[in-house]
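Notes follow the structure.
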Amino acid sequence: MSAIGKADLPGSKPETGSREYDPAAYELLKTIDDPAALRALDRRGLQRLADELRTFILESVSQTGGHLSSNLGTVELTIALHHVFNTPHDRIVWDVGHQTYPHKILTGRREAMSRIRMSGGISGFPRRSESEYDTFGTAHSSTSVSAALGMAQGAKLKGDTGEKKRHVVAVIGDGAMSAGMAFEALNNAGVMDTDLLVILNDNDMSISPAVGALNRYLARLMSGRFYAAARKAGEKVLAG
């Protein structure tokens, strides 16, 4: 666990004000010090972890400030990524990085969240010097795909195959995807035929309204019958 900015967990003791937090609220979350522990959970455990993680973020951000909605929206995605992929060997590159609170909490920085974005505390964005799980330092938009492509191409040139194979994932939002740097990286990825997974977090959230042909295409896609049917079928499969 990271020693940076260690402090009491939200939920570990009553707040000095009128609100009191239940110490039992994070019984499972407090056992997850790295993704290896997360990967040992069954489906029910993962669902419980998501509930505890979301509550933890709500209470933590209410005390420290920071990005709330973007992080609540990536709870299940973050759990799924760390459950499926063998991080930190496999690499996850987060675009911008304001949605990485769940990632930080699950990668040994849970206790440091009480001093996030404070002097001497942890960064509000991925920082390579902070954790081996932070594969790329971010804060600017639309850089994730090109960074991930470079990592994937490097692994390919090194001949990482079989058990040594390194998977690389870029997580990018719909707003960031509309920038030229992201389009250039996608264009290069197609030409280079590199094993790269790009996850589009289409949450319709950005500083200003997203515009352009890609935005219009995604809007048509998500309002179409095929997407609705595919989503419903996927939900049935995941529900068991």
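No lab work stands behind these numbers, since they all come straight from the coordinates. None of the values given here were measured: they were computed from a predicted structure. Backbone-built Cβ (ideal geometry, glycine too); neighbour counts: all protein chains shown.
So for region 96-183, what percent of the C-alpha to C-alpha distances run longer than 19 Å?
Details: 1807 of 3828 pairs.
The answer is 47 percent, as a whole percent.
What does the highest-first list of 184-195, 137-148, 73-84 look like by mean Cβ count within 10 Å?
On the way: 184-195: 14.4, 137-148: 21.2, 73-84: 19.2.
The densest-packed peptide leads the list: 137-148, 73-84, 184-195.
Give a quick list of chymotrypsin sites (Phe, Trp or Tyr not before Pro) in region 116-200 that DSSP marks as loop, anything other than H, G, I, E or B, with at most 12 other Cβ atoms within 10 Å. Walk me through the numbers on the way to the answer.
Values: sites: Tyr133, Phe136, Phe183; in loops: Tyr133, Phe136.
Taking region 116-200 and a limit of 12 other Cβ atoms within 10 Å, no loop chymotrypsin sites (Phe, Trp or Tyr not before Pro) are found.
Give me the three principal axis extents of region 68-132 from the C-alpha atoms, as integers in angstrom, largest value leading.
Reported extents, whole Å, longest axis first: 34, 26, 21.
Report the Cα centroid-to-centroid distance between region 62-76 and region 109-165 in angstrom, as an integer.
19 Å
What share of all Cα pairs of region 29-207, in percent, falls into each consecutive 10 Å distance bin?
Reading upward from the zero bin: 10, 38, 37, 15, 1.
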